[in-house]
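Heads up, the thing below is written out as structure tokens.
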Amino acid sequence: MSTRATALSDDAKVLRVLRYLDLGALVVALPLFLLAGLPMLGYAVAAGAWILQRGARELIQRRAMAASDVRTAAGLTAASMIVRGWVVALAIFAVGLSDSEAGLAAAVLFLFLFTLAFTMQAILRPLGTTPASRGRR
């Protein structure tokens, strides 16, 4: 039985790592930007926009899950997606107006992070809960 519990614990750790893979990629991108001589303004804007929208997503997602009304939860989720998208687009557009190379670097980094996070969410979402919490049901 302890082997099964250890396996469930290991699965939960893997799922936790996958959930934060985008932030790890953001950390790895910093030395790549430095080594490649890419504009640090682009990195700063993409990183700031990513962290800001990710934090907002987490807060809104918690509020939506706690909402007793399905319409409230759906409205919060939809509004969050739209507003976060506009804020990020405007940030990247603004930096692109001042420095086109920085804007391009910011856009590419942000799209990479988004693709990574979206893929991880698509993989993890069907699982619903961690294996450890499913075993307790």
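Just one of the listed residues (Ala5, Ala44) is modelled with pLDDT under 90, among the aliphatic types (A, V, I, L, M) and either surrounded by 13 or more Cβ atoms within 10 Å (Cβ to Cβ) or more than 23 Å from Thr119 (Cα to Cα) (or both), and it is Ala5.
Only one of the numbered conditions (1) surrounded by 12 or more Cβ atoms within 10 Å (Cβ to Cβ); (2) under 15 Å from the mean Cα position of the chain (by Cα) is violated by Glu58, and that is (1). Cβ-Cβ contacts under 9 Å between residues 6 or more apart (or on different chains), taken from a first residue in the range 79-95 that is at pLDDT 95 or above to a second residue that is outside any helix (DSSP H, G or I), are listed as Val95/Pro39. For Asp22, the conditions (1) closer than 23 Å to Ile123 by Cα; (2) acidic (Asp, Glu); (3) without any contact (Cβ under 8 Å) to a residue 24 or more places away in the chain all hold with the exception of (3).
Sort out which residues of the range 35-52 are within 12 Å of Ala105 (Cβ to Cβ) and not aromatic (Phe, Trp, Tyr), and write them in order of number. Passing the criteria: Ala36, Gly37, Leu38, Pro39, Met40, Leu41, Gly42, Ala44, Val45, Ala46, Ala47.
Regarding Ile92, is this residue in contact with a Ser or Thr (Cβ under 7 Å, 6 or more places away or on another chain) and either among the aliphatic types (A, V, I, L, M) or part of a helix (DSSP H, G or I) (or both)? Answer is no for this residue. Residues being more than 15 Å from the chain's Cα centre (by Cα), more than 21 Å from Pro31 (Cβ to Cβ) and either assigned to a helix (DSSP H, G or I) or not small (Gly, Ala, Ser) (or both) are represented in the range 102-117 by at least one member.
Yes/no per residue for (1) closer than 20 Å to Gln121 by Cβ; (2) surrounded by fewer than 12 Cβ atoms within 10 Å (Cβ to Cβ); (3) touching a Leu at 6+ places or on another chain (Cβ under 9 Å); (4) not aliphatic (A, V, I, L, M):
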{"residue": "Arg62", "(1), (2), (3), (4)": "yes, yes, no, yes"}
{"residue": "Met65", "(1), (2), (3), (4)": "yes, yes, no, no"}
{"residue": "Val87", "(1), (2), (3), (4)": "yes, no, yes, no"}
{"residue": "Phe93", "(1), (2), (3), (4)": "no, no, no, yes"}
{"residue": "Ser98", "(1), (2), (3), (4)": "no, yes, yes, yes"}
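The values are calculated or read from the model by the stated rules, or taken from the named source; none is laboratory data. Every value quoted in this text rests on a predicted model; they were computed, and no experiment measured them. Because the Cβ atoms are built from the backbone with ideal geometry, glycine has one as well, and the counts that use them run over all protein chains shown.
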